[in-house]
Structures are given as C-alpha cells and as structure tokens.
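Engineer: Just passing along the structure, written as structure tokens.
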Amino acid sequence: MTDPRLSALFTPCLLVDEDRMMRNIDRLSKRAVTLGVALRPHLKTTKSVAAARYVLKDGHGPATVSTLAEADAFAQAGINDILYGVGISPNKLDRVIALHRAGCRLTVLLDCAAQAEAVAAASKASGIAIPAMIEIDGDGHRSGLTAHDPALTQVGRILHDGGAELVGVLCHAGESYGAVGHAAQVLSRRTGTASCGRCGHDFAGCGAAVSSCQRRFNTNGACRAKP
C-alpha cells in the first residue's frame, strides 16, 4: 500500500532512505580512511543541506557542487569550502567573487589559457586570489588537458603570475563508472593517478606551487578524493 504521506508531496521531489544513506556514508568514510584520503563529496545528487550535514565531517566542507546556485545555497547554510566542479566561464566570476566576500572559499575549475586569464584578471581587480584547479583529461576526453599538453604549464603560469591561486589539478575518471569489477576499478584509478602525478613534474619547472591533486572516481558510488 502507498504511504499516505506521499500524497501530500509536490512533485517532482526527491525521497531519500535515511537508513540506507547513512550506511553508504559510513561505508564511504571507512573506505576513505583505509585509503588515507580526505573526502570532498559532491552535493548535486540530493541538493539537501540536511543530507550534506551527514556526509561532511564538520558540517562546513570540503564539498563539490555543479552549479553556482548550489554553491550559493550551501554557502548560505555555512558550508564554506566548496569546489565548483564545472569549467568556469568569465561571466560567472562576479558571482564567484561575491561568494568569497560572503566568507565562502569557492575554488574554480578550468582547462585553457582564456579561462586562466579571466580568473587572473578578476583576482587582480577584486584583490581576492581566486583559488583555481586545472582539469586533467584522464580518460573520457570530455574536458581537460592531457598530462603531456604544453598548455598545462602555460595555464599554470598565467594563474600563478597573474594573481590567482593555483591550488592544483583535478582529474575526473569518468570511465570509472563503467569499470565493472575490482581489477577494472583499480586500473581506472591508476590511470587517473598517473595523469595527476605527471602534472606535478610539469609544474615543478614553471615555478608554481601545486598544493593538491584531486580525483573524482567511482567506488560503488561517486565521491571526491583529495590525497
């Protein structure tokens, strides 16, 4: 029989099984501890502040979002360390600056010189060193630079010398979603890790300090990992 409480809900809406969610969060947290990584969970699925409180260690971050509207909503709820995991467009940088001035450290993602120049210019104009990560194409060729692309160090220099904060690189292992079985998942993770590792050597030659490498991967559920 249908739960009568459901008839009062306006649709579309999201229903979350809290017990199952908590089991998944516990499993994910233990897995991260085993791997020695910190989680930066993606909040786009539930779009729920209450759910975010469960998965964020201290309730304030780090976290990942897919839209600036999500960033706004979660920042207003006190989550103040957010990665905007979509390539930044220059017309959105005013909103990025506004979030920083409101107390949220919002990191942007980019993969070309034009984006880097826009972020550097906005950093100088605002007096805020916008933290930025360069996206690395580890497999799916959807976006990002390959680890051997000469443009990688060019983009890094533009950020570093232009007044922005070059935080590091991010690799989205998109093909991991189709990796079935332990061996396939291990291979997918190694591919992304190797790509990020090569980037560190490239940045060492351009005078830019890279503080982190982040990988988005799938381990029976998507998550953000920060070694």
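Engineer: Look at Thr153 and say whether it is at negative phi, β-branched (Val, Ile, Thr) and modelled with pLDDT under 95.
Structural biologist: When the stated conditions are applied, Thr153 passes them.
Engineer: If you go through region 9-21 one residue at a time, how many are in a helix (DSSP H, G or I) and either touching a Lys or Arg at 6+ places or on another chain (Cβ under 8 Å) or exposed (fewer than 13 other Cβ atoms within 10 Å of the Cβ) (or both)?
Structural biologist: 3
Engineer: I've got another one for you. When residues of region 42-53 are filtered for being without any contact (Cβ under 8 Å) to a residue 60 or more places away in the chain, surrounded by 17 or more Cβ atoms within 10 Å (Cβ to Cβ) and not in a loop (DSSP other than H, G, I, E, B), how many remain?
Structural biologist: 2
Engineer: Additional query: Could you list, ordered by first residue, the pairs with Cβ atoms under 7 Å in which the first is in region 75-95 and of a type in the set (Ser, Thr, Tyr) and the second is open to solvent by less than 40 Å² (accessible area, probe 1.4 Å) and assigned to a helix (DSSP H, G or I), at least 6 apart or interchain?
Structural biologist: Final answer for the pair search is Tyr84/Leu68; Tyr84/Ala71.
Engineer: From the list His100, His42, exactly one residue is within 30 Å of Arg157 (Cβ to Cβ), at pLDDT 95 or above and not basic (Lys, Arg). Which is it?
Structural biologist: Going through His100, His42 in turn, just one is within 30 Å of Arg157 (Cβ to Cβ), at pLDDT 95 or above and not basic (Lys, Arg): His100.
The values are calculated or read from the model by the stated rules, or taken from the named source; none is laboratory data. Everything numeric in this text was worked out from a predicted model, so none of it was measured. Positions of Cβ are backbone-derived with ideal geometry, glycine not excepted, and every protein chain shown enters the neighbour counts. For the accessible areas, the whole protein counts, side chains as well, though only heavy atoms, and no ligand, DNA or RNA atoms are used. Shrake-Rupley method; radii C 1.70, N 1.55, O 1.52, S 1.80 Å.
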